[in-house]
Amino acid sequence: MSRISRAALLAFVAATLAGSCLHFVHALFPSGLTALLAPVNESIWEHLKILVWPCALGSVPLLRREPDSLGARAFSLLLAAGLMLGAGWLYHGVLGGHALLFDVVLYVLCMAVCFLLPALLGGPFWQETARLWCALAAALMVLMLVFTWLPPDCALFQEFPEAGGIQPPSGS
């Protein structure tokens, strides 16, 4: 697993394009189903949907070819999600940035982490801990579904104003 396969590169490109399209699905086709799969607002948390769902789906054919990569793929998905949340919060929330270019570069970088990093994470550790990483990735997905309908009142779930910075929660 030390070399990035052509299949992983193709999955990376396809999932990145699919996630980009997914960004607009709920706005075009508002429904309960599209709310679960696509961002319903411009919060950092909601934008995880354009990363997590395409990464999870795009990893399935790769896992059929490389079943031993399950732990590394689940870990990479979690790392990419953490990177997206952390960097997004820092840039938008703390620094008050609002450049679309930052968001696009961050998104592509996180997709690359998800699809290309597993090639560097070979070895027995990832196979032995695969259940842990899969359970954590599944928990993230469940939280994404739950928080679509019941978002906590905190910064990651707040929409960003166009001029940057996180809006204070209503009622403050």
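At the listed q of 0.17 Å⁻¹, the Debye profile of the range 69-152, built from one uniform point per Cα, gives log10 I(q)/I(0) equal to -0.78.
Taking the range 72-99 and a reference point 7 angstrom along Cα→Cβ of Ala27, the backbone N atoms nearer than 18 Å belong to 98-99. Ranking Cys134, Cys55 from most to least accessible surface, computed with a 1.4 Å probe over the protein chains only, gives Cys134, Cys55.
Within the range 1-21, which residues have the backbone N less than 16 Å from the label spot 7 Å out from Ala112 along Cα→beta-carbon, could you tell me? Label zone hits: 4-5, 8-17. Counting only alpha carbon atoms, the long axis of helix 49-65 and the longest principal axis of the chain meet at about 10°. Across the range 3-124, Cα-Cα pairs farther apart than 19 Å form 47% of the total.
The Cβ shell under 14 Å around Leu145 holds other residues with a net charge of 0, Lys and Arg each +1, Asp and Glu each -1. Computed over the Cα atoms of the range 1-50, pair by distinct pair, the Kirkwood hydrodynamic radius stands at 12.0 angstrom. With distances taken between every two different alpha-carbon atoms, the range 15-80 has a Kirkwood hydrodynamic radius of 12.6 Å. The average projected area of the range 94-138, computed from the convex hull of its Cα atoms over all directions, is 4.8 nm².
For the range 39-172, the carbon plus sulfur part of the accessible surface works out to 70%, probe radius 1.4 Å. Could you pull out the chymotrypsin sites (Phe, Trp or Tyr not before Pro) across the range 3-75 that fall in loop regions by DSSP (anything but H, G, I, E, B) with no more than 13 other Cβ atoms inside 10 Å? Those satisfying the criteria are Phe24.
Mean-square fluctuations from a GNM of the chain, with a 10 angstrom spring cutoff on Cα atoms, peak among Phe147, Phe160, Phe125 at Phe125.
The values are calculated or read from the model by the stated rules, or taken from the named source; none is laboratory data. Everything quoted here is computed from the prediction, not taken from an experiment. Every residue, glycine among them, receives a Cβ derived from its backbone with ideal geometry; neighbour counts consider all protein chains shown. Accessible surface is based on the protein model in full, side chains and every heavy atom, while ligands, DNA and RNA are left aside. Shrake-Rupley method; radii C 1.70, N 1.55, O 1.52, S 1.80 Å.
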